[in-house]
Amino acid sequence: MAYAILRARKIKSWPAIGAAARHNDRRSAPANADPTRGVQMLVGTGDVEAEARTRLLAVGIDPTRLRKDGVIAIEAIVTASPGYFRPGRDASAGVWDADRLAAWLDAALRFLAAEWGDRIVSVVLHTDEATPHLHVVWLPIDDTPRKRGPVVRLNAGRWLDGRAKLIELQDRYARAMANIGLERGVRGSRAHHKTVTRLYGALQADAKAAEHLARLAALKLGQAELSRRRALDHEQRSRRLFEQAEVIYRHAVELLPSLARSILAAPIHKLGAMLQVPVAARARRNQLVHDRLELE
């Protein structure tokens, strides 16, 4: 069963916005990110702070005169269960089905456009970690009429304050993902929801697990390659001995025909037969003998 996953956090300072931007565009990349895959900037130029200031000025909000404890922006991580992207291979971090990724991305972008629209200043797709996900930074610009104060203001509470609003946000995202086979988590479940930080930590843990498996696989391949090389070396030495033995045998036949045939023919014939056995088969047989000796 694959679930639609969305987590959000409030950003209350310009330095924090800058830090999020550096992480999202990989100027400050985590250790588990694969640099050969990179990221895709879907909305924005990467200079999130500059774009946020420009957007605020455009709607009449002075970015230099914001409340010190006020929320400037909201960052959301939008993704799905690993099993959706790689059915039956949840633990294979960094692997996904291209068609499923495309279907999810199309549905997710449609949801973002309907949910936050032109409030969004940055959308970045990360496919360089364990599971594909979007980082979305948007401004909680509220223009609903009110009796007192500026009509247009920053108001994160309109979207995020209170359990009911968070539940409704999860409901809307799940409905938007239903057509591609994603489900909503159980409503009212006692399971603790992950914050953005914890969710990202889980993604990193998946990547570390995959890295550990890769190291084990490389070690096993290395051991197999070592065994193969030893077997080849053994074969080459055996062939040299066989050639030397044949020379000795020919000389012996010339000098002592009956003695050569009765004493030397059998071991030379046995050595030649051994060389006809494939290298891999001999390596397996030698390993079985080695394992049996260790057990004893």
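Key figures
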quantity: Exposure proxy ranking, count of Cβ atoms within 10 Å, fewest first, for MET1, MET41, MET177; calculated: MET1, MET41, MET177
quantity: R0 of 45 Å, Cβ-Cβ distance ARG230-ALA102: FRET efficiency to nearest 0.05; calculated: 0.45
quantity: Cα shape, segment 4-193, gyration tensor, a/c 1.5 rule; calculated: oblate
quantity: DSSP-assigned coil residues among trypsin sites (Lys or Arg not before Pro) in segment 76-142, each with at most 12 further Cβ atoms within 10 Å; calculated: none
quantity: Extension gain from ASP161 to ALA58, taking 0.36 nm per residue of separation minus the Cα-Cα distance; calculated: 34.5 nm
quantity: Spatial separation of Cα centroids for segment 112-138 and segment 1-62, in angstrom; calculated: 8
quantity: From phi via Karplus (6.51, -1.76, 1.60), per-residue ³J(HN,Hα) for segment 41-46 in Hz, x at Gly/Pro; calculated: 7, 8, 9, x, 9, x
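Every read-out reported here was derived from the displayed coordinates using simple, explicitly stated rules and does not represent laboratory data. The shown structure was predicted, so the numbers you read here are calculated from the model rather than taken from an experiment. Cβ sites come from the backbone with ideal geometry, for glycine too, and all protein chains shown count toward neighbours.
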